[in-house]
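Undergrad: Provided herewith is a single structure, encoded as structure tokens, for subsequent inquiry.
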Amino acid sequence: MSDVLIEKSGRLGLITLNRPAAINSLTHDMARDIAAALAAWEHDDSVRAVAITGAGERGLCAGGDIVAIHRDAQGDGSQTKSFWRDEYTLNDQISKYPKPYVALMDGIVMGGGVGVSAHGSVRIVTERSAIGMPEVGIGFVPDVGGTYLLARAPGELGTHIALTTARLTAGDAIVCGFADHFVPSAELEALLAALSEEAPHEVISRFAQPAPESELHTQREWIDSCYSADTVEEIVARLQRSATPEAGKAAQQILSKSPTALKVALRSLRSARRSPSLAVTLNEEYRVSLACLRSPDLVEGIRAQVVDKDRNPRWSPAQLEDVSDDLVASFFRDLGDEELGLS
């Protein structure tokens, strides 16, 4: 059976990510199949809206297939470069889609899962939603337009999420601009059935319920104060000086991540805050991602977290103070003929 199911249900074009054993992790073929379906449905008058969901009980999508990326990064990286080019182009396509694009962000939605959902026009979360950008924990940097979303979260919430890899609840996701509506997971099947016959705004008005409170938003005071610093070192220092227990825990979480990825991520977030569009941010994320592919920390991070699972990555450089400004700047260099080139 296909890793992504493409079907029409009444007036609805339905995309189902279909790798439940891998929490529907995204492959290159899946990204290409989704893009092709969206292109076809854009000009199909019988399709009034599109929805994306995930097979199984665990979540919409746990991200890209990082085991495949780990293997490819030890070679020439060409397969991963091609995958990311098509994946980021798909993220841009979703953001500009002329018909309602309804994303059911139930369960786990990480990394690439955010890319195929949070750029849609109607984004639904449930009480089971756990949304995050965990990249710095594997020596990578938030991508798939994640830095664009994080940079637009209230205050410094996005910086906190990126550097600690914090998971967002339904309430957090709505406050931070990753989602729009809360619908209990038990109602999703009925919601999809209704979408096959009715316009999304009519369906949402009937199914949406008040979202749970965002615990993250209640902590804005110390988060904004600590994460407004210009360097990761100063952010950590402020967190460590804070009298708030959650701040001390955040400092510990940050210090366990790749020092290089942390510094590159902070620069990416600050850059994305000034970006005029998602497309411009995706172009920059592509430069950063290809640099990560050449960095020792990506291979080492995936090894430690996913392959060997010893949870003991040996980062290089190992300390924040050893990551030079020149090293960080190298992640943002123009790619010449390899540029993504979205506009």
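The values are calculated or read from the model by the stated rules, or taken from the named source; none is laboratory data. Remember, predicted model here, so these are calculated numbers, not experimental data. Here Cβ is always computed from backbone atoms with ideal geometry, including for glycine, and neighbour counts include all displayed protein chains. These area figures cover heavy atoms from the full protein model, side chains too; ligands, DNA and RNA do not enter into them. Shrake-Rupley method; radii C 1.70, N 1.55, O 1.52, S 1.80 Å.
Undergrad: For Y227, which of the numbered conditions (1) open to solvent by 10 Å² or more (accessible area, probe 1.4 Å); (2) more than 30 Å from T53 (Cα to Cα) fails to hold?
TA: (1)
Undergrad: Further, regarding this structure: Name the residues in the stretch 187-208 that are under 15 Å from G10 (Cβ atoms), assigned to a loop (DSSP other than H, G, I, E, B) and either in contact with a strand residue (DSSP E or B) (Cβ under 9 Å, 6 or more places away or on another chain) or modelled with pLDDT under 95 (or both), would you? Show your work before the answer.
TA: Just the residues of the stretch 187-208 that are under 15 Å from G10 (Cβ atoms), to begin with: 189-200, 202-203.
From what is left, the residues that are assigned to a loop (DSSP other than H, G, I, E, B) are 196-199.
Within the stretch 187-208, S196, E197, A199 meet the criteria.
Results for (1) touching a helix residue (DSSP H, G or I) at 6+ places or on another chain (Cβ under 9 Å); (2) on the phi < 0 side of the Ramachandran plot; (3) at pLDDT 95 or above, shown as yes or no for each residue.
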| residue | (1), (2), (3) |
| --- | --- |
| A37 | no, yes, yes |
| Q74 | yes, yes, no |
| E87 | yes, yes, yes |
| M105 | yes, yes, yes |
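Undergrad: If you don't mind, there's one more thing I want to ask. Select from the stretch 243-283 the residues that are of a type in the set (D, E, K, R) and either open to solvent by 40 Å² or more (accessible area, probe 1.4 Å) or not in a helix (DSSP H, G or I) (or both) and list them in ascending order. I'd like the intermediate steps shown before the answer.
TA: Here is the first cut: in the stretch 243-283, the ones of a type in the set (D, E, K, R) are 246, 249, 257, 263, 267, 270, 273-274.
Within the stretch 243-283, E246, K249, K257, R267, R270, R273, R274 qualify.
Undergrad: Being within 17 Å of the chain's Cα centre (by Cα) and acidic (D, E) is the filter here; which residues of the stretch 28-87 pass it?
TA: D65, D86, E87
Undergrad: Going by the conditions given, is A173 small (G, A, S) and either in contact with a Lys or Arg (Cβ under 8 Å, 6 or more places away or on another chain) or within 29 Å of P259 (Cβ to Cβ) (or both)?
TA: Criteria met by A173.
Undergrad: Name the residue that is surrounded by the fewest Cβ atoms within 10 Å (Cβ to Cβ), counting only residues in the stretch 301-338 that are acidic (D, E) and under 25 Å from D86 (Cα atoms).
TA: Within the stretch 301-338, the match that is surrounded by the fewest Cβ atoms within 10 Å (Cβ to Cβ) is D337.
Undergrad: Could you please find all residues in the stretch 1-17 being open to solvent by less than 30 Å² (accessible area, probe 1.4 Å) and either outside any strand (DSSP E or B) or under 26 Å from S78 (Cβ atoms) (or both)? Explain how you work it out, then say what you get.
TA: Within the stretch 1-17, the first condition is being open to solvent by less than 30 Å² (accessible area, probe 1.4 Å), and the residues that meet it are 4, 12-17.
Within the stretch 1-17, V4, L17 meet the criteria.
Undergrad: Starting from the stretch 186-198, take each residue that is crowded, with 18+ Cβ neighbours inside 10 Å and list its partners that are among the basic types (K, R) and at pLDDT 95 or above, counting only C-beta distances under 6 angstrom and pairs at least six apart or across chains.
TA: Here the result reads none, with nothing in the stretch 186-198 linked to a residue that is among the basic types (K, R) and at pLDDT 95 or above.
Undergrad: Going by the conditions given, is E233 in a helix (DSSP H, G or I), touching a residue at least 12 places away in the same chain (Cβ under 8 Å) and open to solvent by 40 Å² or more (accessible area, probe 1.4 Å)?
TA: Details: in a helix (DSSP H, G or I): yes; touching a residue at least 12 places away in the same chain (Cβ under 8 Å): yes; open to solvent by 40 Å² or more (accessible area, probe 1.4 Å): yes.
Criteria met by E233.
Undergrad: Looking only at the stretch 21-59, count every residue that is out of contact with any Ser or Thr (no Cβ under 8 Å at 6 or more places or on another chain) and over 24 Å from V125 (Cα atoms) and tell me the total.
TA: Final tally of qualifying residues: 11.
Undergrad: Does N312 count as polar (S, T, N, Q), farther than 19 Å from G63 by Cα and either modelled with pLDDT under 95 or part of a loop (DSSP other than H, G, I, E, B) (or both)?
TA: Numbers: polar (S, T, N, Q): yes; farther than 19 Å from G63 by Cα: yes; either modelled with pLDDT under 95 or part of a loop (DSSP other than H, G, I, E, B) (or both): yes.
When the stated conditions are applied, N312 passes them.
Undergrad: For the stretch 129-183, give me each residue that is part of a strand (DSSP E or B) and open to solvent by less than 10 Å² (accessible area, probe 1.4 Å). Walk me through how you get there before you give the answer.
TA: Kept after step one, since they are part of a strand (DSSP E or B), are these residues of the stretch 129-183: 130-132, 168, 181-182.
Passing the criteria: I131, G132, L168.
Undergrad: Filter the stretch 27-52 down to residues that are assigned to a loop (DSSP other than H, G, I, E, B) and either touching a strand residue (DSSP E or B) at 6+ places or on another chain (Cβ under 6 Å) or in contact (Cβ under 8 Å) with a residue 60 or more places away in the chain (or both) and give me whichever is least open to solvent (accessible area, probe 1.4 Å).
TA: V47
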